[in-house]
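One structure coming up, written as structure tokens, with questions to follow.
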Amino acid sequence: MKVAYWPGCVSRGFTPELHGAMAKVAPLLDIELIELDRAACCGAGVIAEHNQELADTLNARTFALAQQTDGELMMNICSTCQGAQSECQERLDANSEYRAQINQTLADEGLHYEKGLTNKNLLWLLVEEIGLDALRAKVRRPLTGLKVGPFYGCYIIRPVHRLGIDAEHPRDRYMQMVIEALGGTVIDYAGVYKCCGFPIITMNKEASLKMAGRHIGDAIDADADCLVVPCPLCHLNLDLQQPGAAHAVGRELGLPVLHLPQLLGLALGLEPRELGMSKHVVRPTSVIDWSTSVVAGAAA
Amino acid sequence: MPDYLLRIRRFDPTSGQAAHWDEHTVSLGPRNSVLDAILKVKDEVDGSIGIRCSCQQAICGSCGVRINGRPGLACNTHLEVAAARGGGAQSPASAIGGGRLSNGHRSADGERSADGERSDGALAGVIEVEPMGNMPVIRDLIVDMDAVHWKKFQRVTPYLVAREPVPEREYIVPHYNMVDVTQTMACIQCGACVSDCLSMEIDPLFIGPAALAKAYRFVGDPRDAQHAERLRDLSEDPHGIYDCTHCFNCIDACPKEVAPMSQIMRLRRRAGSDFGIVDRNNGHRHEAAFVTLVRDYGLLNEAELLPRSYGGNSWFGKFHPAAGRELLSSLSTVITGLLRGKISPRVALLGHRLPKADLAALRRIYERIEGRPERRELNLYVTGYEDEPEPATVGAGSAGEGPHTDTSASESESSR
């Protein structure tokens, strides 16, 4: 399927391995990416905090650019983008007068947002568009024996109504469903639905790192080999800041944190290095060891 | 009538005994409330169950508890709704709230299967009730609201400080101002948002969602004389408005749609944009740097954002001593990131940016919107949602009140 692809800012900044892994994984999933390389930052809630109309206009511009492509829908790879964009879209779609005002601003560029865009995070697209059965059929290296703790990130699971989470779309269970479809073992731990702490890293660093450290510690205590995140901002706090988080909670951590496309890539047969795992601050040793043992087992 | 398995967490801190779960099978209609079930057991089986309640109409806010891992009022939660969210069903609420997984996933009792049914008979569902979080338990389902919730509530001067001179007769308040604060006035002080606040879980000193929503009640009221003082106080407090981590838990928790987190964001907007308060917690600097960098680069330039958040919103911000101190404390993280190739020197030094034509378009958008004398803000709590026919006819058929113009932007600290 063809999608208008919004990679977000951080996947092209401090987590380049995410953007790279997505590019590697997309053809294996039969996803054609039409990158929205003219679109601006979603604002991550911070621009909306400053000026709601500004955030709504920037995101309406992104939606309008997506609607100019022949993609079936818009796809993102960042929980924060999903949440921030869903919030703006909710306002835009709810009130035609407001939408008209925003479109008036976009008219300078010849752009126009038409109500009703479908914007899905890769996680939602996997389950709702590709389907778990089709995903299972594409697995080349089942994640047998790999114990994976899901970490969603706040923006993709709350508020539940805005994000379209209901009995028919249990999007707050999709990570578990995907891990199982890839052959992995889901690790339930206290932090699955909690906050990584990233939004307050510059305001209250101690609390921010304690949040990250506590969740990582809980996952380790639950015997996870690694965490998987659909959000690069969570990845920054859980991986890049993990040494500081360990210090904040006063215990050793050292738990690898994978981006969702990296976990997919592993199961689809790609190698850890191809997926940019060497760029992680916490060496994904347990994952590489698992991968090596699986390859060795297959050769034998 | 269907049978529900009611599990109640029992705990008496004076007993020296650990907390435990009591189980009761209750026959009640699916539209009966969880409180009905608790009171039925209390009346007919065990009068010692501790539960605080009064109006049973979602007005008094007394019966805040956690039901199947999610905070809310026992009196306005139907048994069928509670059963659907818990008992292992993969409904959204089964997972949302305090990091709890559904019962089937965290159950310690082997006699219950993943879908919440017991092996000895069919049940309509499992209702697990426990006290709210982030507050000490007095007994069973009763928490000490005084120790946390009300203490924080008092912290924000929760009353109107009248402007002088007080008019002889009524104070005429513009309609839009009262509509603006209507959402916060809906709060019934039940503490559900406090229960699952993820910032407070880590930082118990955080003023918290309920109290900060109350603060907006007065910051948004033109009769109040202390807008600037309130905002400065809440901005400068290390556990104030900039300690909220945007987790949205309070929005989902609130039974009255107060959306406390949205009120906190409005407090930030008023503090930073209207009163120019540059706080010691880097809150406003972070916001200003973020907004400016997106204008100039189109994308977030992380390498510039961090030093500017500490040192000030300009290219020179990185040379400010505060930025230098932060860089020093993060040096090992920066070096590791660079060595691993996570942070490329090019991105670190130059950032990544959109094509020139797009940046010019963004600048025009910024100038147009930031140049307005008044901010435009749409509060869906007030305007509601249109149910317009498809395809959308732009500009026609507005069902709501239309966008609210936030005239407060014209009010400034210096104007007082």
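The values are calculated or read from the model by the stated rules, or taken from the named source; none is laboratory data. Given the structure is predicted, the values throughout are model-derived calculations rather than measurements. Note that we place each Cβ from the backbone using ideal geometry, even for glycine, and neighbour counts take in every protein chain shown. Please note that ligands, DNA and RNA were not included when accessible areas were found on the heavy atoms of the full protein model with its side chains. Shrake-Rupley method; radii C 1.70, N 1.55, O 1.52, S 1.80 Å.
Can you say whether A:Arg61 is closer than 19 Å to B:Val294 by Cα, assigned to a loop (DSSP other than H, G, I, E, B) and within 11 Å of chain B (Cβ to nearest Cβ), as far as the supplied structure shows?
On the way: closer than 19 Å to B:Val294 by Cα: yes; assigned to a loop (DSSP other than H, G, I, E, B): no; within 11 Å of chain B (Cβ to nearest Cβ): yes.
Taking the combined requirement at face value, the residue does not satisfy it.
To keep it simple, each residue is scored yes or no on (1) at pLDDT below 95; (2) within 25 Å of A:Cys195 (Cβ to Cβ).
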| position | (1), (2) |
| --- | --- |
| B:Gly240 | no, yes |
| B:Cys244 | no, yes |
| B:Ala253 | no, yes |
| B:Val258 | no, yes |
| B:Ile264 | no, yes |
| B:Asn281 | no, yes |
| B:His284 | no, yes |
| B:Leu300 | yes, yes |
| B:Phe316 | yes, no |
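Condition first: more than 10 Å from chain B (Cβ to nearest Cβ), closer than 30 Å to A:Val192 by Cα, open to solvent by 10 Å² or more (accessible area, probe 1.4 Å) and more than 16 Å from the chain's Cα centre (by Cα). Can you find one or more residues in region A:66-76 that meet it?
First, pick out the residues of region A:66-76 that are more than 10 Å from chain B (Cβ to nearest Cβ): A:66-76.
Cutting the leftovers down to closer than 30 Å to A:Val192 by Cα gives us A:73-76.
Right, trim to open to solvent by 10 Å² or more (accessible area, probe 1.4 Å) and you get A:73.
Subsequent filtering for residues that are more than 16 Å from the chain's Cα centre (by Cα) retains A:73.
Yes, region A:66-76 contains a residue that is more than 10 Å from chain B (Cβ to nearest Cβ), closer than 30 Å to A:Val192 by Cα, open to solvent by 10 Å² or more (accessible area, probe 1.4 Å) and more than 16 Å from the chain's Cα centre (by Cα).
A further question follows. If I go through region B:1-13 residue by residue, how many of them are over 33 Å from the mean Cα position of the chain (by Cα) and open to solvent by 50 Å² or more (accessible area, probe 1.4 Å)?
Quick first cut of region B:1-13, residues over 33 Å from the mean Cα position of the chain (by Cα) only: B:1-3.
This time we only want the ones that are open to solvent by 50 Å² or more (accessible area, probe 1.4 Å), so: B:1, B:3.
Number of matching residues: 2.
Scan region B:348-356 and give yes if some residue there is more than 30 Å from A:Gln104 (Cβ to Cβ), more than 7 Å from every other protein chain (Cβ to nearest Cβ), within 33 Å of the chain's Cα centre (by Cα) and at pLDDT below 90, otherwise no.
The answer is yes, given that some residue of region B:348-356 is more than 30 Å from A:Gln104 (Cβ to Cβ), more than 7 Å from every other protein chain (Cβ to nearest Cβ), within 33 Å of the chain's Cα centre (by Cα) and at pLDDT below 90.
Inside region B:37-55, can you point out the residues that are assigned to a helix (DSSP H, G or I) and free of Cβ contacts under 8 Å to residues at least 40 places away in the same chain?
Of the residues in region B:37-55, the ones assigned to a helix (DSSP H, G or I) are B:37-44.
Within region B:37-55, B:Leu39, B:Lys40, B:Val41, B:Lys42, B:Asp43, B:Glu44 qualify.
Assess whether B:Val181 counts as being open to solvent by less than 10 Å² (accessible area, probe 1.4 Å), away from every other protein chain (no Cβ under 14 Å) and in contact with a His (Cβ under 6 Å, 6 or more places away or on another chain). Walk me through it before giving the result.
Working: open to solvent by less than 10 Å² (accessible area, probe 1.4 Å): yes; away from every other protein chain (no Cβ under 14 Å): yes; in contact with a His (Cβ under 6 Å, 6 or more places away or on another chain): no.
For B:Val181, the condition - open to solvent by less than 10 Å² (accessible area, probe 1.4 Å), away from every other protein chain (no Cβ under 14 Å) and in contact with a His (Cβ under 6 Å, 6 or more places away or on another chain) - is not met.
Only residues that are open to solvent by less than 30 Å² (accessible area, probe 1.4 Å), part of a loop (DSSP other than H, G, I, E, B) and within 11 Å of chain B (Cβ to nearest Cβ): list them for region A:202-251, please.
Result: A:Thr202, A:Met203, A:Asn204.
Going by the structure shown, is A:Ser86 buried (at least 24 other Cβ atoms within 10 Å of the Cβ) and within 24 Å of B:Ala259 (Cα to Cα)?
Working: buried (at least 24 other Cβ atoms within 10 Å of the Cβ): no; within 24 Å of B:Ala259 (Cα to Cα): yes.
Taking the combined requirement at face value, the residue does not satisfy it.
Do we find a residue being more than 10 Å from chain A (Cβ to nearest Cβ) and among the acidic types (Asp, Glu) anywhere in region B:262-279?
Residues of region B:262-279 that are more than 10 Å from chain A (Cβ to nearest Cβ), as a first pass: B:263, B:270-271, B:274-278.
Right, trim to among the acidic types (Asp, Glu) and you get B:274.
Within region B:262-279, one or more residues are more than 10 Å from chain A (Cβ to nearest Cβ) and among the acidic types (Asp, Glu).
Right, here's the next one. Tell me, which helices (runs of 4 or more DSSP H) lie completely within region B:86-175 with 3 or more residues that are of a type outside the set (Gly, Ala, Ser) and modelled with pLDDT of 90 or more?
Details: elements: B:92-95, B:103-106, B:151-155.
So the answer is B:151-155.
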